[in-house]
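Read-outs: derived from the displayed coordinates by stated rules, not from any lab. Given the structure is predicted, the values throughout are model-derived calculations rather than measurements. Cβ sites come from the backbone with ideal geometry, for glycine too, and all protein chains shown count toward neighbours.
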Amino acid sequence: MNIVLTEWSLSSYLDLKHSKVFSDTEYKRTLRPDIELLKLGWPSPCSQFSNPHFWGPATGLDGATIQHGFKMKWHNFGNGKVQLRVAVVILFGKAFLCQGYVKNNAHKDKREMAKLKNRINDISKGTYEHRGFL
């Protein structure tokens with residue numbers, strides 16, 4: 001499966017990197033290899049995707065599952081020991097990376113999921129900025 005980099009994912013990556021949420025080493029050894037597991041396809045044959053502490057459906061304000069939306073999760077990550085998340089859309093046989101963020105409370109997570117719903121709509125219409133593939 002192709003992994004599509006969107007403008008949203010690139011922008012959030014740069015913000016997180018500038019904020020020193022993760023180091024180059026953490027990116028190369030953990031984040032990138034974990035994200036590249038999406039290349040194996042969906043549903044994934046990789047056992048990590050059956051671990052709800054690593055991967056799960058995106059949920060809206062009402063707790064309902066957001067169709068096509070998912071979250072990759074890293075707990076106690078980096079020097080700051082943050083809860084790092086990457087919102088992913090699986091649509092049209094591709095994985096679209098939408099945004100990375102630090103989950104510092106439930107309200108932040110819900111706001112990011114509201115953004116994700118809009119991004120799913122934009123992706124389905126083809127009105128998003130494509131920045132490349134992983």
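Spin-label point model (7 Å from Cα, Cβ direction): what's the ASN121 to GLN67 distance in nm?
Reported label-point gap for ASN121 and GLN67 is 1.4 nm.
Once you sort the root eigenvalues of the Cα gyration tensor of the chain as a ≥ b ≥ c, which label holds: rounded (a/c under 1.5), prolate (a/b larger than b/c) or oblate (the other case)?
Rounded.
Could you run the Karplus curve 6.51 cos²θ - 1.76 cosθ + 1.60 with θ = phi - 60° over segment 45-56 and give me ³J(HN,Hα) per residue in whole Hz, x for Gly and Pro?
Running phi through 6.51 cos²θ - 1.76 cosθ + 1.60 with θ = phi - 60° gives x, 7, 5, 4, 6, 9, 8, x, 7, 10, 9, x Hz.
When the helices in the chain are scored as -39500 (n - 2.57) per DSSP H run of 4 or longer and the sum is shared across all residues, what 222 nm value do you end up with, to the nearest 500 deg cm²/dmol?
Using -39500 (n - 2.57) per qualifying helix, the result is -8500 deg cm²/dmol.
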